[in-house]
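The values are calculated or read from the model by the stated rules, or taken from the named source; none is laboratory data. Computed from a predicted structure; not experimentally measured. Reconstructed Cβ throughout: ideal geometry from the backbone, glycine too, with neighbour counts over all protein chains shown. These area figures cover heavy atoms from the full protein model, side chains too; ligands, DNA and RNA do not enter into them. Shrake-Rupley method; radii C 1.70, N 1.55, O 1.52, S 1.80 Å.
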Amino acid sequence: MKRGFIIYGGNTEIEKVLKIENVDMLSLLGLKDQNIKPIEERFSVAVTFRGESAYIKGNSEEVKAVEKIIKEMIYVLNTSGKLGVNDVNTIIELTKQGEEIITDKDFNNIILYSKRDVIKAKTPTQHKYTESVWKNDICFAIGPAGTGKTYLAVAFAIAALKKGIVQKIILARPAVEAGESLGFLPGDFRDKIDPYLRPLYDALQDMLPSDQLKNYIEKDVIEIVPLAFMRGRTLNNAYVILDEAQNATSMQMKMFLTRLGPNSKSIITGDVTQIDLPSRATSGLVEIQSILKNVDGVDFIYFNKGDVVRHKLVKDIIDAYEKYNNGD
């Protein structure tokens, strides 16, 4: 589908191509392209929308301004769920006044538009994590709680699903007893393992509308399973995440990594300071760092307390534990 808008003459000096992803084009352009008309009336550039790109031609200053306006429109639409002519006029006024809702740097760093806001890398290590995930088929994210390892991993997976890069998402966790016995927990097997999988549900509920998430789960587009349920499967065209991987044994880690089929990607997250395995069992996450350290297509990203993005007290708590364990 091609939409073209020739906006009141002007000398064409440059052309800018703006990639548009994860956007409902009808909602962005409006009924009968009404959201574009305010731009037509106030700028002397030519804008053409083709597929997932906007082509902007004209005077360099106006091209830059219109590019900014379209980015702001995408941001408002994807964070609020709606975009109208009044919103576009407000965006144009803010742009002309030199104000901005989202910077170009932030726009380029967006991983996913969630129900309430955008999800993007916030710390230097998270930026390295993002680059590594796009570049490698297997990425290990290792570090303390609160650094965004799992949350961003789920965001990467949903973004890949929405872009059609993969056809399904599989989220797995070891169901390791951490101070409680499964046998003493109430309910059937599903009731017993749900607490182990709850953090993954929480991340998904933050990022997807409830009806869409329910539909994905019912159709097995998204699966949330204990690690043991991965045995014997071959996962094609899938994004596969293993969370709390420090609680996977050596054999479980090998089993998980060898499930990957064609056109699949995997992220493995964990904190090697919080291993709940029996003392004689070897953590697969600890061991795998030596085994795969020189394998192309596999990368390890290490987070530290400086990357904590939860409540500010989380960093202080990590500090306190480190001092206690060091005998300070």
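Surrounded by fewer than 20 Cβ atoms within 10 Å (Cβ to Cβ), closer than 21 Å to Leu292 by Cα and at pLDDT below 95: is that true of Pro199 in this structure?
Considered against the rule, which asks whether it is surrounded by fewer than 20 Cβ atoms within 10 Å (Cβ to Cβ), closer than 21 Å to Leu292 by Cα and at pLDDT below 95, Pro199 comes out as no.
Among residues of region 208-237 that are hydrophobic (A, V, I, L, M, F, W, C), those with a Cβ under 6 angstrom from a residue that is in a helix (DSSP H, G or I), sequence gap 6+ or separate chain, pair up as Leu213/Leu204; Ile222/Tyr216; Ile224/Leu197; Ile224/Leu200; Leu227/Gln252; Met230/Phe256.
Only one entry of Leu18, Leu28 meets the criterion of being within 28 Å of the chain's Cα centre (by Cα), surrounded by 15 or more Cβ atoms within 10 Å (Cβ to Cβ), not in a helix (DSSP H, G or I) and not aromatic (Phe, Trp, Tyr), and that entry is Leu18.
A single member of Ala65, Ala54 is of a type in the set (Gly, Ala, Ser), touching a helix residue (DSSP H, G or I) at 6+ places or on another chain (Cβ under 7 Å) and within 17 Å of Asp33 (Cβ to Cβ), and it is Ala54. Scanning for something aliphatic (A, V, I, L, M), farther than 14 Å from Ile158 by Cα, at pLDDT 95 or above and open to solvent by less than 50 Å² (accessible area, probe 1.4 Å), does region 215-236 turn up at least one residue? Within region 215-236, not a single residue is aliphatic (A, V, I, L, M), farther than 14 Å from Ile158 by Cα, at pLDDT 95 or above and open to solvent by less than 50 Å² (accessible area, probe 1.4 Å). Just one of the listed residues (Gly284, Gly270) is crowded, with 17+ Cβ neighbours inside 10 Å, more than 24 Å from Lys163 (Cβ to Cβ) and without any contact (Cβ under 8 Å) to a residue 60 or more places away in the chain, namely Gly284.
Please count how many residues of region 101-141 are at pLDDT below 85 and assigned to a helix (DSSP H, G or I). Matching residues across region 101-141 total 6. Among the candidates Thr103, Thr130, the residue that is polar (S, T, N, Q) and surrounded by 13 or more Cβ atoms within 10 Å (Cβ to Cβ) is uniquely Thr130. Does Lys82 satisfy the criteria of being surrounded by 20 or more Cβ atoms within 10 Å (Cβ to Cβ) and within 30 Å of Arg42 (Cα to Cα)? Against the criterion (surrounded by 20 or more Cβ atoms within 10 Å (Cβ to Cβ) and within 30 Å of Arg42 (Cα to Cα)), Lys82 does not qualify. For region 43-53, indicate whether the set of residues that are without any contact (Cβ under 8 Å) to a residue 40 or more places away in the chain and under 29 Å from Met207 (Cα atoms) is non-empty. Yes, region 43-53 contains at least one residue that is without any contact (Cβ under 8 Å) to a residue 40 or more places away in the chain and under 29 Å from Met207 (Cα atoms).
Any chance region 247-265 includes a residue that's among the polar types (S, T, N, Q), in a helix (DSSP H, G or I) and in contact (Cβ under 8 Å) with a residue 60 or more places away in the chain? Yes: region 247-265 contains one or more residues that are among the polar types (S, T, N, Q), in a helix (DSSP H, G or I) and in contact (Cβ under 8 Å) with a residue 60 or more places away in the chain. When region 87-100 is limited to residues that are part of a helix (DSSP H, G or I) and of a type outside the set (Val, Ile, Thr), the one that is most open to solvent (accessible area, probe 1.4 Å) turns out to be Lys96. Does Arg259 qualify as being open to solvent by 30 Å² or more (accessible area, probe 1.4 Å), in contact with a Leu (Cβ under 6 Å, 6 or more places away or on another chain) and at pLDDT 85 or above? In short, yes. Checked against the criterion of being closer than 28 Å to Thr123 by Cβ, part of a loop (DSSP other than H, G, I, E, B) and open to solvent by less than 30 Å² (accessible area, probe 1.4 Å), region 294-307 contains one or more residues that satisfy it. So, of the residues in region 31-63 that are assigned to a loop (DSSP other than H, G, I, E, B) and more than 19 Å from Thr95 (Cβ to Cβ), which turns out to be most open to solvent (accessible area, probe 1.4 Å)? In this case the residue turns out to be Glu52. Looking only at region 83-109, which residues are closer than 18 Å to Leu18 by Cα and without any contact (Cβ under 8 Å) to a residue 12 or more places away in the chain? Those that are closer than 18 Å to Leu18 by Cα and without any contact (Cβ under 8 Å) to a residue 12 or more places away in the chain: Thr103, Lys105, Asn108. Scanning region 143-165 for residues that are of a type outside the set (Gly, Ala, Ser) and touching a helix residue (DSSP H, G or I) at 6+ places or on another chain (Cβ under 7 Å), we see that the one that is most open to solvent (accessible area, probe 1.4 Å) is Tyr151.
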